[in-house]
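The values are calculated or read from the model by the stated rules, or taken from the named source; none is laboratory data. Please read all numbers here as calculations on a predicted model, not as lab measurements. In this analysis, Cβ positions are derived from the backbone assuming ideal geometry, glycine residues included, and neighbour counts consider all displayed protein chains.
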Amino acid sequence: MPRVSAATLLTAATLLSSPFVFGTAYAQNGDLVQMQSNSANVVMPTITYDNQRYSKLNKINTHNVGKLQVAWTFSTGVLRGHEGAPLVIGDVMYVHAPFPNTVFALDLSHDGKILWKYEPKQDPNVIPVMCCDTVNRGLAYADGKLFLHQADTALVALDAKTGKVVWSVKTGDPGKGETGTSAPMVVKDKVLVGVSGGEFGVRGWVTAYSVNDGKQIWRAYSEGPDSDLLVDPQKTTELGKPIGADSSLKSWQGDQWKIGGGDTWGWYSYDPKLNLIYYGTGNPSTWNPKQRPGDNKWSMAIFARDADTGMAKWVYQMTPHDQWDYDGVNEMILADQEIGGRMVPTLVHFDRNGLGYTLNRATGELLVAQKYDPAVNWTTGVDMNKNSQNYGRPSVVAKYAPGEQGEDVNTQGICPAALGTKDEQPAAYSPETKLFYVPTNHVCMDYEPFRVSYTAGQPYVGATLSMYPPSGQTNMGNFIAWDATKGKIVWSNPEQFSVWSGALATAGGVVFYGTLEGYLKAVDAKTGKELYKFKTPSGIIGNVITYEHRGKQYVAVLSGVGGWAGIGLAAGLTDPHAGLGAVGGYAALNNYTALGGTLTVFTLPSS
Amino acid sequence: MKKIVFAAAAAVMIIASAGASAATDGSGDPTAVKSDDGKWSDKDGTPTFKIEPDGTVDWYTYVGFNRYSSECLRCHGPDGMGSTYAPALMESMKRLSYTDFYAVVAGGKQNVSASQELVMPANGENKNVMCYIDAIYIYLRARADGAIGRGRPEKRAAKPGAYTKAEDECMG
């Protein structure tokens, strides 16, 4: 393993102090590609471009992680749900918070002393337009600037040295339900952002803005005419075949696609060799499938796009005509793996729909699609026969399909629930164990769709749901290790609540994650054996990171319960089918933790 | 499409009503005394629930559960029990009168301070809420009074003819 050299740190420091030295597109790309491979730093919200969430640091390892101690803590002063993770560049850590989207620069040489603070003034009327709490998933960095996508859809570039606004552009209109929650990603000279608003009928897009001045370079919609999608009907493929003209329009009735969702609130990954970016699209609007006949393309899909032009190379829709709110936005993890005796450039994706997908990321070929929670029952699996008409489509079980049961009918016992077998909380991959570490939800639901009317800027949902753990079980989450070449669970640790924290794998053989009760946990990457836990001040829905400063390795995580987890689980779940007396039988998160945003930083004691 | 104008004048800020301290229902005795084609009201004419001895709920309580879960759950949590940041409405309803409730739903409410930003949107133009506001009120009143438990009401009265007509007219 390469040790972090002083020269690399110096490069980061130089970059910070002279942002204009590397002013060209090529240099920026080169810098970030180089910087993200240095595990001492965390220069992007996904840690690395491949989204593996793997650190080469190994000073904290299976032998000593049990001795981990809190080094210092920091309160963000914000109470709502804290998703994402800080960035670390040289001597400075950049911490973000939910609405009002405060950003702090902290001095790592002085236990997190505040170097500067940015607090935007945003119209609080954006708060109720945000589905599921006022979360923000973090910052991006490039060229001496930090990029923040605020709740009100202002994309702001801050001077990393001073916190002063360098430029600001408005990417959307909160009056129509468009909001910002996701973390941007910088690729070469462009900063990529998506939009939230699937519960408000917002048509999703990904937009590339110039790192230098915020000028829009391209915008690619999830739905609509080919010119909006940035696709080539002949060259853009799904499962190896051209998608053809009007692929999206043909899959909708009338103008429903204009308010059809497919929002882009997840993570990005980037393959510099293929020059492709990858991301997923969210649920089609409304949640009432009867109001939108057709496959509703390209909601619920994985896009591979040219990083320069935005043109789609390939696309794959995982859940055609969604009937469950199984957004396809979860992260795409890029890893080269041996499948069938040859090395394949794979993309691994743990979808909300409960299937773990392995694709060839160069071609979009589907290699594996298997359930990563045995409870999943809405599908019997994906048709893997290349000659079949239904190739690549999930086989839907009618009795668990609300759209087939009809409006005003309560479809019972569907697994997983709308929050998915996994939500946005990213998984990790260790190239050493060749395993994926996946934080999961283990929750089922009843789902009843009904008619709704669209008003711009108002919720556009159209379904009622009740959630509860799978029959006969009380654990609402699992933390699992997954073999993506075979589509098999290797080990699984039950957790009382959904695991809503991003995982981290390390060269020390330790995997970290947080729990909704507030525990930071360290487990053995090979066996899942718990090696350490510490209860932080609030429930964890943030992502664990590690970094090195002045020769010491640190582990850090934001706690601050909230998000969807804080809504669904606060008062506890009930099983409507368990009969009298069982109601209220499951744990309520309110009994374990309360609000409050805190960063907790861990390290080993000095010997 | 017919333009629906709801009582915007009702958009007054509601301060937690202190008057109903002893009562468990912000609108007083919830006993159902009169039915207008399946929609019940109490002695003061305020919409209310009607639960039969075998647990069958009136149609509006059932619709209220559905629409609450679709329109309000995303902040106020399942079954009116609150989330990490928005209040449990089954508790709030012990203080709020029907008029209070209507005003907050239609006009919104803000409590923005240095420590918290609580913002309830104005739903006055939102047909998915306003066409069902009585049903949502009735459902939450039943939750506040302990007349129904958590989850979907299992048994419900048949859909009244007047309901379909009113729904079609309102939703357009």
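Okay, here's what the table says:
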| item | result |
| --- | --- |
| Residue match in the range A:303-312 (condition: outside any strand (DSSP E or B), surrounded by 24 or more Cβ atoms within 10 Å (Cβ to Cβ) and not hydroxyl-bearing (Ser, Thr, Tyr)) | no |
| Residues of the range A:318-348 classified as farther than 19 Å from A:GLU83 by Cβ and touching a Gly at 6+ places or on another chain (Cβ under 8 Å), total | 6 |
| Residue match in the range B:35-48 (condition: surrounded by fewer than 19 Cβ atoms within 10 Å (Cβ to Cβ), acidic (Asp, Glu), modelled with pLDDT of 90 or more and touching a helix residue (DSSP H, G or I) at 6+ places or on another chain (Cβ under 6 Å)) | yes |
| Per-region count, the range A:319-342, residues surrounded by fewer than 22 Cβ atoms within 10 Å (Cβ to Cβ), touching a residue at least 12 places away in the same chain (Cβ under 8 Å) and on the phi > 0 side of the Ramachandran plot | 1 |
| Selection count where residues are of a type outside the set (S, T, N, Q), over 17 Å from A:ILE567 (Cα atoms), in contact with a Ser or Thr (Cβ under 9 Å, 6 or more places away or on another chain) and part of a loop (DSSP other than H, G, I, E, B), scope the range A:452-485 | 5 |
| Single unsatisfied condition, A:LEU589 versus (1) within 28 Å of A:SER37 (Cβ to Cβ); (2) modelled with pLDDT under 95 | (1) |
| Test: residue in the range A:268-278 that is hydroxyl-bearing (Ser, Thr, Tyr), farther than 28 Å from A:TYR209 by Cα and touching an Asp or Glu at 6+ places or on another chain (Cβ under 8 Å) | no |
| Identity of the residue in the range A:343-374, small (Gly, Ala, Ser) and surrounded by 19 or more Cβ atoms within 10 Å (Cβ to Cβ), that ends up farthest from A:VAL443 (Cα to Cα) | A:GLY364 |
| Residues that are surrounded by fewer than 20 Cβ atoms within 10 Å (Cβ to Cβ) and out of contact with any Lys or Arg (no Cβ under 9 Å at 6 or more places or on another chain), drawn from the range A:520-548 | A:ASP524, A:LYS526, A:THR527, A:GLY528, A:LYS529, A:LYS535, A:PRO537 |
| Selection count, the range A:146-185, where residues are charged (D, E, K, R) and buried (at least 24 other Cβ atoms within 10 Å of the Cβ) | 2 |
| Selected residue [within 14 Å of chain B (Cβ to nearest Cβ) and under 29 Å from A:ALA571 (Cα atoms)] from A:TYR437, A:TYR400, A:TYR468 | A:TYR468 |
| Strands (runs of 3 or more DSSP E) fully within the range A:118-203 counting 2 or more residues that are not small (Gly, Ala, Ser) | A:145-149, A:154-159, A:165-170, A:185-187, A:190-194 |
| Flag for B:ALA88 being within 14 Å of another protein chain (Cβ to nearest Cβ), on the phi < 0 side of the Ramachandran plot and loosely packed, with under 15 Cβ neighbours inside 10 Å | no |
| Flag for A:TYR429 being assigned to a strand (DSSP E or B), buried (at least 24 other Cβ atoms within 10 Å of the Cβ) and of a type outside the set (A, V, I, L, M, F, W, C) | yes |
| So A:LYS188, is it within 19 Å of A:ALA456 (Cα to Cα) and of a type in the set (D, E, K, R) | no |
| Number of positions in the range B:35-92 that are among the hydrophobic types (A, V, I, L, M, F, W, C) and within 21 Å of B:GLY161 (Cα to Cα) | 7 |
| Strands (runs of 3 or more DSSP E) (entirely within the range A:370-414) containing at least 1 residues that are under 20 Å from A:THR358 (Cβ atoms) | A:379-382, A:394-396 |
| Residue in the range A:440-451 that is surrounded by the fewest Cβ atoms within 10 Å (Cβ to Cβ), counting only those that are part of a strand (DSSP E or B) and within 8 Å of chain B (Cβ to nearest Cβ) | A:ASP446 |
| Scan of the range A:532-572 for residues that are assigned to a strand (DSSP E or B) and basic (Lys, Arg), ordered by number | A:LYS533, A:LYS535, A:LYS552 |
| Yes/no for A:GLY562 being exposed (fewer than 15 other Cβ atoms within 10 Å of the Cβ) and at pLDDT below 95 | no |
| Candidate set: the range B:56-74, residues that are more than 13 Å from the chain's Cα centre (by Cα) and more than 7 Å from chain A (Cβ to nearest Cβ); chosen: the one nearest to B:ALA122 (Cα to Cα) | B:TRP59 |
| Scope the range A:473-519; condition of a type in the set (Val, Ile, Thr), more than 30 Å from A:MET343 (Cβ to Cβ) and buried (at least 24 other Cβ atoms within 10 Å of the Cβ); matching residues | A:VAL499, A:THR515 |
| Answer residue from the range A:168-181, given it is away from chain B (no Cβ under 14 Å) and more than 17 Å from the chain's Cα centre (by Cα) and is nearest to A:TYR94 (Cα to Cα) among those | A:SER168 |
| Within the range B:119-130, tally of residues that are within 8 Å of chain A (Cβ to nearest Cβ) and either surrounded by fewer than 21 Cβ atoms within 10 Å (Cβ to Cβ) or of a type outside the set (A, V, I, L, M, F, W, C) (or both) | 7 |
| Lone qualifier among A:GLN291, A:GLN337 - being farther than 28 Å from A:ALA428 by Cα and polar (S, T, N, Q) | A:GLN291 |
| B:MET93 being hydrophobic (A, V, I, L, M, F, W, C) and farther than 18 Å from A:SER466 by Cα | yes |
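Here is a yes/no grid of residues against (1) within 14 Å of chain B (Cβ to nearest Cβ); (2) touching a residue at least 12 places away in the same chain (Cβ under 8 Å); (3) within 18 Å of the chain's Cα centre (by Cα):
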{"residue": "A:HIS110", "(1), (2), (3)": "no, no, no"}
{"residue": "A:PRO128", "(1), (2), (3)": "yes, no, no"}
{"residue": "A:ASN136", "(1), (2), (3)": "yes, yes, yes"}
{"residue": "A:PHE147", "(1), (2), (3)": "no, yes, yes"}
{"residue": "A:LYS161", "(1), (2), (3)": "no, yes, no"}
{"residue": "A:VAL166", "(1), (2), (3)": "no, yes, no"}
{"residue": "A:MET185", "(1), (2), (3)": "no, yes, yes"}
{"residue": "A:ASP189", "(1), (2), (3)": "no, yes, no"}
